[in-house]
Structure formats: structure tokens, C-alpha cells
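Trainee: Before I ask anything, let me first share the structure, which is written out below as C-alpha cells.
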Amino acid sequence: MARQSEAADALRRALDVPIYNKTLRRDVGRGDLDYEVYLQTRELLSLQTPREALVVPDELVFQILHQTQELWLKCVAFETANLIDELDDGAIFAALSVLDRIVVIHQNLQSQIRVLFTLSPARFHTIRRSLGNGSGLESPGYNQVLAAAEAAEAALGRLFARRGATLLDIYHAADGHPDLHRVAERFVDWDGAFQSWLVEHFTLVRRTLGIDKSVKGLDGFPTVALGARMMRPLFGELWNIRVEMTRSWTRDGGFAPGAAR
């Protein structure tokens, strides 16, 4: 690690105190401005380990990444409750709007986790010594999303039942239930974005710890187990319907290559 320069130390000291904003003609960072009060920035920005106590400088980005992921996962769980309201009310377009937001949040989660791809294995192992037995399985947000997704799947089933439609009906004759088909496919988009986020996490573990049955996470599980976990869908029936459709598929009604149509 490079020695600290005088210029860098001067910047660090400047960042530790309120900064004067020429446009506002006010100091920003005391916590008394409306923006700061509304967002509780003094409390928010004090939730990380102080600079002088970091085991390595990279620990700050490690903490901030996981803290922000928890906030976004909290948002997904919150939005899922709103989604269930709309589904139970039969408000398809409103439900689709909520699903759009959930999908984008998961895409954001996937993109954010790549920040930790800049963390070297050696630096990560230094940080890891201070994590106890902590793992992603202990994440409140992750567990809330799993519970919320299960409740959302049940709400989707209630919607289909009220309309007298099965998944086979909806997928074999999508034109007969275009709104239900659209909602179902947006659930698939949600699941796909969720699984892509887990794949990104798997890649992060591969880059830092390695994937092998002999390598264990702090929770005691071998890292190779992450492969099965990231393939486990939120909405299994929406994926299984594709298997059913393919099993019942025949060539009848098609055209031979090169035949007149």
C-alpha cells in the first residue's frame, strides 16, 4: 500500500468537516439543511467504520456496497407488498408498473455488485478476518425478498384463479389472455434479474475465494454449493410450464426446410 502523501492527508482532513458551498453560501455537512435532515445524512454517513479503523482502505467500499444492497432489497420487498395489492385488486397495468420497478432494481443490484470485482483476493481475505461467520444467507434483505416473492407468487395464482385460467391456458393461447400472459412474463423477468444478480455474486466469490468443494465460506458451506443456489428460481411454475410445453410439442403443422409455404 502506498504511503500517504501530504496532499492526500490534506484532502482527508477537508472531507472530515463541513464543506462550504458557494452557491448556497452555506456549509454542507453539518446535518441541519433540509436535504440532510430529510435523508438523515449525518446518521447515514456515520454507519461505516471510521477511516482510521479500516483494516484496509478497500473495507469501506465493501461495507457501502453491502449496505446499499440491503437498502435496495428492502425496497424490493416493500414494492412486492404493493404489487400484491394491485394483483388482488385486478389492476393489471398498475401491477406491471410495480413489476417494472422491481426488475430495474434487481438489474441495479447486479450492476452494483461488480464494484467489488475491483477487490483483490488478498485484500478480501484481510477484510474477511473481521466478518465473523457472516454470510449472504444472514442478509435481512435477501430473506425478505424470498418471503415476498413467495407471497407474490400466491397472489399471481389467485389472479389466474379469479379469471378461470391455468398457466397452460395462458401460455398455449396467449392471445386469449394477453394481460395475464404479460404479467406472467414480467414475473419471469423478475426471476431472471434475481438469478442474474446471484450469478454476479457467484462470480464475485469465484474471483475472491474460489469455487471448490474444499473451500468453505464463513458460514461453513462449501463455495461450490453456490452454483445450485443461484439456479433455484423464485417462481418455479413459470419455468416448468416451458418444460411442459416442450414435452408436448410435435412437428405437426410445420414445413419441411425448403418446402413451399
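Trainee: Look through R207, R251 and report the one residue that is in a helix (DSSP H, G or I) and charged (D, E, K, R).
Mentor: Selected residue: R207, the only one of R207, R251 that is in a helix (DSSP H, G or I) and charged (D, E, K, R).
Trainee: Considering only residues of the stretch 214-233 that are of a type in the set (G, A, S) and in contact (Cβ under 8 Å) with a residue 12 or more places away in the chain, which is surrounded by the most Cβ atoms within 10 Å (Cβ to Cβ)?
Mentor: Looking at the filtered set, the residue picked out is G217.
Trainee: Exactly one condition in (1) at negative phi; (2) out of contact with any strand residue (DSSP E or B) (no Cβ under 8 Å at 6 or more places or on another chain); (3) not hydroxyl-bearing (S, T, Y) is not met by G220; state its number.
Mentor: If we test G220 against (1) at negative phi; (2) out of contact with any strand residue (DSSP E or B) (no Cβ under 8 Å at 6 or more places or on another chain); (3) not hydroxyl-bearing (S, T, Y), just (1) comes out false.
Trainee: Which residues, taken from the stretch 153-180, are in a loop (DSSP other than H, G, I, E, B) and more than 19 Å from R247 (Cβ to Cβ)?
Mentor: As a first pass, look at the stretch 153-180 and keep what is in a loop (DSSP other than H, G, I, E, B): 163-166, 173, 177.
If the condition is that a residue be in a loop (DSSP other than H, G, I, E, B) and more than 19 Å from R247 (Cβ to Cβ), then R163, G164, A165, H177 are the ones that fit.
Trainee: Within the stretch 45-66, which residues are surrounded by fewer than 13 Cβ atoms within 10 Å (Cβ to Cβ) and assigned to a helix (DSSP H, G or I)?
Mentor: Scanning the stretch 45-66 gives R51, E52, A53.
Trainee: Just give me the residues in the stretch 201-239 being touching a Phe, Trp or Tyr at 6+ places or on another chain (Cβ under 9 Å) and under 30 Å from V98 (Cα atoms), in sequence order.
Mentor: If the condition is that a residue be touching a Phe, Trp or Tyr at 6+ places or on another chain (Cβ under 9 Å) and under 30 Å from V98 (Cα atoms), then T203, L204, L226, G227, R229, M230, P233, L234, F235, L238 are the ones that fit.
Trainee: Please find, within the stretch 120-149, the residue that is surrounded by the fewest Cβ atoms within 10 Å (Cβ to Cβ) out of those that are in a helix (DSSP H, G or I) and of a type in the set (S, T, Y). Can you show your working first?
Mentor: Let us first name the residues in the stretch 120-149 that are in a helix (DSSP H, G or I), namely 121-128, 136-138, 140-149.
Checking the rest, the ones that are also of a type in the set (S, T, Y) come to 126, 142.
Details: T126: 14, Y142: 19.
The selected residue is T126.
Trainee: Which residues, taken from the stretch 92-119, are surrounded by 15 or more Cβ atoms within 10 Å (Cβ to Cβ) and either over 23 Å from the mean Cα position of the chain (by Cα) or not assigned by TED's automatic domain parsing to the domain that holds R162 (or both)?
Mentor: I92
Trainee: Could you please give the count of residues in the stretch 1-44 that are part of a strand (DSSP E or B) and surrounded by 12 or more Cβ atoms within 10 Å (Cβ to Cβ)?
Mentor: Qualifying residue count, the stretch 1-44: 4.
The values are calculated or read from the model by the stated rules, or taken from the named source; none is laboratory data. A quick note: this is a predicted structure, and the numbers were derived from the prediction, not measured. Cβ atoms come from the backbone with ideal geometry, glycine included; neighbour counts cover every protein chain shown.
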